[in-house]
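The values are calculated or read from the model by the stated rules, or taken from the named source; none is laboratory data. Small disclaimer: the values here were computed from a predicted structure and weren't measured. Cβ placement follows ideal geometry from the backbone for every residue including glycine, while neighbour counts extend to all protein chains displayed.
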């Protein structure tokens, strides 16, 4: 009897618990803005001095929040308010603390889950909660990709750099798989959220245009706003299996509103009726994204050919010239031999060709001008170590112009 373990995905990281911010670093006006954003109501207080805020539903302890640091008891009131928030079990209190911990733009995803025989399916189905988390991350990644470059289809291009931008994102409470909030730090992440804001509204307009006229032209223009196959796929994942999804953005009060964006962005909603249009758009973007001419440098990490003679296929770890980590290239006999010699002596190679969209821009076709990159011993040692570690290609590889001058 043979037992095969199922393919298991790693558990998501636990939701972060916000600590109590330093009262000396908290702006009373920012605290008031966050309380208002998350459903707290101001119910009196001395005008121009402080306000009394009560939590949503009036359940819980009210807070006295000064309106400015000019109020004599500002420090004491802030400390008491922050301590009360940290001890509160309300989700809105934790959300306020998240917003205070690091100046962050907020993105909230809300899904309408069909009601099952035992209540909301999202409260019982692990897969429903995982679907929301996965779709939310894919939307953030689409925004990060669009912030680096504009394309209808990215594939593997820019992906590593875009994923690194998401490392600092905090995730708030997600009860029942119906709602999830992400806090994107303004420092390093503001461009991602601003681009996602523009892309979501452009996607909504393009879908409406197609459903009204039957034409897909609006999706072509929407690329300039950040719409891509990756964004369309993320929206499909978000809406699929639900009765509709809603995305709400809010800017960090301490950082103001980014240029070109609405101060209070309107929520963007998508429904199951939008799915056929989004699928057609994703296919259109994949089909029409052109091949990219490149001249790249890479270290040969794998070689393969069917017989002892003739050409073969090589796999390169890209060091410079293309925003993908690896490419595969088919070479003729002479070029394959050149790549093999370079691999044996620990040298990278340069080659020209076209990155094809098939396979996510991981395939180089029409490869020509395959030449080894001369390196001295120090550069070669640094390159060999870099194959396992992160590095800056400019520190290892000489530029084409430099070599031409030396020749």
Does residue 340 fit the bill of being farther than 30 Å from residue 139 by Cβ, crowded, with 21+ Cβ neighbours inside 10 Å and out of contact with any helix residue (DSSP H, G or I) (no Cβ under 7 Å at 6 or more places or on another chain)? no
For the stretch 314-337, how many residues meet the condition of being surrounded by 19 or more Cβ atoms within 10 Å (Cβ to Cβ), more than 33 Å from the chain's Cα centre (by Cα) and over 13 Å from residue 353 (Cβ atoms)? 1
Test residue 184 against the stated conditions and say whether it is in the same structural domain as residue 113 (by TED's automatic domain parsing), buried (at least 19 other Cβ atoms within 10 Å of the Cβ) and under 22 Å from the mean Cα position of the chain (by Cα). yes
Here are some residues: 244, 226, 172. Which one is closer than 25 Å to residue 161 by Cβ, assigned by TED's automatic domain parsing to the domain that holds residue 133 and in contact (Cβ under 8 Å) with a residue 60 or more places away in the chain? 226
Filter the stretch 288-320 down to the residues that are at pLDDT below 90 and out of contact with any strand residue (DSSP E or B) (no Cβ under 6 Å at 6 or more places or on another chain) and list them by number. 306, 307, 308, 309, 310
Matching option when the condition is part of a strand (DSSP E or B) and at pLDDT below 95, among 402, 395, 366: 366
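Got a sec? Which of 272, 253, 267, 276 is closer than 30 Å to residue 31 by Cα and without any contact (Cβ under 8 Å) to a residue 60 or more places away in the chain?
When all the criteria are applied, what remains is 267.
Considering only residues of the stretch 5-33 that are in contact with a strand residue (DSSP E or B) (Cβ under 9 Å, 6 or more places away or on another chain) and at pLDDT 75 or above, which is farthest from residue 127 (Cα to Cα)?
Selected residue: 28.
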Residues of the stretch 93-102 being within 25 Å of the chain's Cα centre (by Cα) and surrounded by 18 or more Cβ atoms within 10 Å (Cβ to Cβ), which ones? 94, 95, 96, 97, 98, 99, 100, 102
